[in-house]
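Please treat every number below as a calculation from the coordinates, not as lab data. Not measured: the values here are computed from a predicted model. In this analysis, Cβ positions are derived from the backbone assuming ideal geometry, glycine residues included, and neighbour counts consider all displayed protein chains.
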Ligand code: ADP
């Protein structure tokens with residue numbers, strides 16, 4: 001076993017800060033790399049050493065593999081943590097780090113490669129009898145064959161990009177006549193966004209819940225699961241609210257999904273922390289994909305298990321054995337996380353930019369804020385618009401919901417629009433409170449954002465002002481028609 005003494009965090013924002021806090025707790029020194037847009041960001045100030053790596057666009061900074069490894073070598077770094085997004089699921093980066101004699105705090109390049117492609121992932125797990133969504137688990141090359149399968153499994157069906165991520169590259173097909181046209185569009189979208197036009201088809205589950213299982217595996221063949229997270233409140237197929245445990249799983253199903261997740265990890269000789277995502281409907285679950293990194297919503301699992309997942313990742317990378325077995329793990333209470341995106345929920349969740357004029361966070365024993373913000377800080381337009389996560393924990397789901405409503409009330413962010421009002425709406429909604437909700441929540445209950453506040457009737461008029469239109473134009477130029485492909489997949 002080789003102890004890691006100095007970690008470079010190849011990331012930015014809240015996750016860079018969160019990783020460094022665990023390093024500090026463990027007595028490990030930290031190195032931040034940063035772009036010009038982040039020069040005064042909290043994670044840069046927090047690190048023991050920080051190095052400017054390049055201009056704001058991530059292709060010229062946070063994605064510069066060789067430069068990052070060079071910095072690590074020069075500063076005698078012995079571990080690189082990739083966080084989520086950016087290079088975290090780049091198998092060649094993982095391998096380059098290892099080749100440079102530095103520990104990659106994540107799985108092997110081989111595991112990343114297998115699970116990085118949804119089709120090769122499905123192939124890998126075949127030997128383990130993992131339930132899968134009905135479909136054609138191979139690249140569609142013959143439209144007629146695919147149409148035949150679509151008719152057998154029944155419409156609606158979903159066309160998905162094998163290399164897809166971030167909820168992008170998915171198209172729903174309602175009937176046979178749309179099939180060919182949608183297929184052509186999906187292939188060209190996949191080519192543009194991921195440089196790989198391979199697509200496949202799955203049955204579109206109409207009342208789906210997104211339930212995922214956190215796993216931990218060491219380098220000695222031990223695999224455990226840390227129960228589930230329910231991430232069914234989504235917009236654009238991307239998560240906004242997550243909770244653990246799920247309100248729909250029986251003990252029996254929890255154990256079955258946990259076992260399936262551990263088997264998925266075994267199928268690619270996985271080590272490290274990972275997440276196996278399933279789609280759930282009516283007591284059935286189907287394997288979607290595995291994310292081979294720390295997940296945005298990992299704090300809810302930390303709060304119900306009492307484990308620090310970053311600490312576990314570091315220990316595993318050092319070659320330690322897991323210090324607990326499956327039967328030692330128990331669910332303690334209930335945790336909820338909301339993602340604070342700099343987005344306007346009243347305008348189709350379009351990203352917002354600007355300066356945070358006022359910033360004040362909720363505090364208390366039951367509340368955790370993982371953020372990357374300070375008062376008067378400017379939100380850079382170059383990166384993912386998630387600026388903070390608010391997490392609460394209490395003994396029951398009802399109490400946790402109440403804690404969250406109070407914490408949202410105490411959270412003050414002035415200067416940019418955020419998803420806080422949407423989350424407040426969702427937490428108070430009967431469908432969420434009863435636990436009987438699915439990924440259609442936004443579509444079913446939030447199609448008219450005026451439900452947030454009657455005064456929003458004024459919004460259309462306000463949007464007509466020149467200043468706002470200019471801001472919108474700036475955002476549109478950057479985010480549309482093709483959002484940056486380095487945005488994080490459905491973390
Ligand atoms: P990505 O890698 O782009 O995040 P995923 O396969 O993880 O794609 O799916 C993202 C989300 O899309 C899921 O959480 C779910 O809401 C929806 N989704 C994916 N597959 C299906 C399906 N077969 N039926 C219904 N919804 C689906």
Checklist line | Area projected by the alpha carbon convex hull of region 356-426, averaged over all directions, nm² | finding: 4.9
Item checked: Residue exposure sequence - 132, 20, 290 - by fewest surrounding Cβ within 10 Å -> 132, 20, 290
Check: Could you give the nm distance between label points at residue 436 and residue 151, where each point is 7 Å from its Cα heading toward the beta carbon?
Finding: 3.8
Check: If you find the alpha carbon centre of region 41-85 and of region 385-420, how far apart are they in angstrom?
Finding: 30
Margin query: Defining a contact as two alpha carbons under 8 Å apart and six or more residues distant in sequence, what relative contact order in percent does region 209-449 show?
Written below: 21
Notebook entry, point to check: Counting pairs of alpha carbon atoms under 8 Å apart in space and at least six apart in sequence, what relative contact order in percent does region 317-408 give?
Noted result: 36
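Compute the FRET efficiency between residue 357 and residue 410 as 1/(1 + (r/R0)^6), taking r as their Cβ-Cβ distance and R0 = 22 Å, and round to the nearest 0.05.
Here the calculated transfer efficiency is 0.80.
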Check: Rg(Cα) of the chain divided by 2.2 N^0.38 Å?
Finding: 0.94
Next item on the list: Normalising by the residue count of the chain, find the relative contact order in percent from Cα pairs under 8 Å and 6+ residues apart.
Entry: 15
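Sort largest first and round to whole Å: the equivalent ellipsoid semi-axes of region 302-421, each the square root of five times a Cα gyration tensor eigenvalue.
Values: eigenvalues 193, 74, 29 Å².
Sorted largest first and rounded, they come to 31, 19, 12 Å.
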Notebook entry, point to check: Which whole-angstrom value gives the distance between the alpha carbon centres of region 280-316 and region 352-367?
Noted result: 26
Notebook entry, point to check: Dimensions of region 209-449 along principal axes (Cα, Å, largest first)?
Noted result: 50, 40, 33
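Sort 339, 368 by Cβ crowding within 10 Å, fewest neighbours at the top.
368, 339
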Checklist line | Residues of region 127-157 with amide N under 19 Å of a point placed 7 Å along Cα→Cβ from residue 206 | finding: 133-135, 150-157
Check: Rounded to two decimals, what ratio of Rg to Rh does region 1-130 give with C-alpha atoms and a Kirkwood Rh?
Finding: 1.02
